[in-house]
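The values are calculated or read from the model by the stated rules, or taken from the named source; none is laboratory data. A quick note: this is a predicted structure, and the numbers were derived from the prediction, not measured. Positions of Cβ are generated from backbone atoms using ideal geometry, with glycine treated the same way; all protein chains shown enter the neighbour counts.
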Amino acid sequence: MVSEKNKTRGTSDEGRICPVAVVVGSDSDLEVMQTCIDTLSGFSIKAFVRIISAHRTPQIAAEFAENAAKSGIKVIIAAAGMAAHLAGALAARTSLPVIGVPLISAGGLEGIDALLSTIQMPPGVPVATMAIGKAGAKNAAIFAVQILALTDKNLRDKLAELKNAQQQKVVEKDSAPRSCLPRGRRGGTQKPHASKHKKDT
């Protein structure tokens with residue numbers, strides 16, 4: 001989180017300009033979105049974190065979106081659950097790319113409500129919508145890095161390293177020794193037993 005004095009400046013409390021803003025609709029969303037913040041940190045990007053509700057603090061949401069670009073922010077990641085209008089509300093007020101992360105909320109529809117609220121934007125107001133929950137939180141961070149990497153070779157190199165590391169991890173798992181399954185249990189379908197017909201006498 002950032003202090004009150006830096007809320008409108010897009011800077012951390014250490015004075016660093018944060019190119020990526022992570023905005024959540026409730027403090028309860030931070031537990032899931034910590035995955036996003038940590039992933040950004042792995043690319044040496046400190047997130048500018050805000051708690052803003054599209055419904056409870058609409059004026060603050062509008063002011064934040066309108067001033068984000070002037071504050072040095074280049075990408076906005078917005079996460080919310082239930083009637084998740086946060087990403088769309090911010091996208092309506094800025095020309096910056098907005099990435100939406102639908103979340104599961106207690107009493108909601110397992111994140112499907114948030115997914116539809118985030119992804120079903122009208123023409124001309126796009127929101128790049130990720131998967132529900134932690135997978136979407138991580139992908140939102142990586143997608144934000146990919147956007148920034150268009151003009152940053154260092155980030156492009158780090159993304160290439162990530163891809164290579166992911167590939168190597170799968171290759172190593174595939175190379176690990178595994179015991180063979182018994183006959184008839186190797187993933188295929190077993191042939192049905194032939195039915196026995198009584199011969200006519």
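Could you please give the count of residues in the stretch 33-72 that are under 19 Å from residue 156 (Cα atoms) and outside any helix (DSSP H, G or I)?
Matching residues across the stretch 33-72 total 5.
Taking the conditions exactly as written (over 15 Å from residue 127 (Cα atoms) and either modelled with pLDDT under 95 or buried (at least 17 other Cβ atoms within 10 Å of the Cβ) (or both)), does residue 51 satisfy them or not?
No.
May I ask you to list pairs of residues, at least six apart or on different chains, whose Cβ atoms are under 8 Å apart, with the first in the stretch 23-35 being closer than 14 Å to residue 135 by Cα and the second being at pLDDT 95 or above and among the aromatic types (Phe, Trp, Tyr)?
As it stands, the answer is none, since no pair meets every condition given.
Given the criterion loosely packed, with under 10 Cβ neighbours inside 10 Å and either at pLDDT 95 or above or aliphatic (A, V, I, L, M) (or both), identify the matching residue among 192, 182, 177, 123.
123
Could you tell me which of the residues 84, 106, 137, 68 is buried (at least 18 other Cβ atoms within 10 Å of the Cβ) and modelled with pLDDT under 95?
When all the criteria are applied, what remains is 84.
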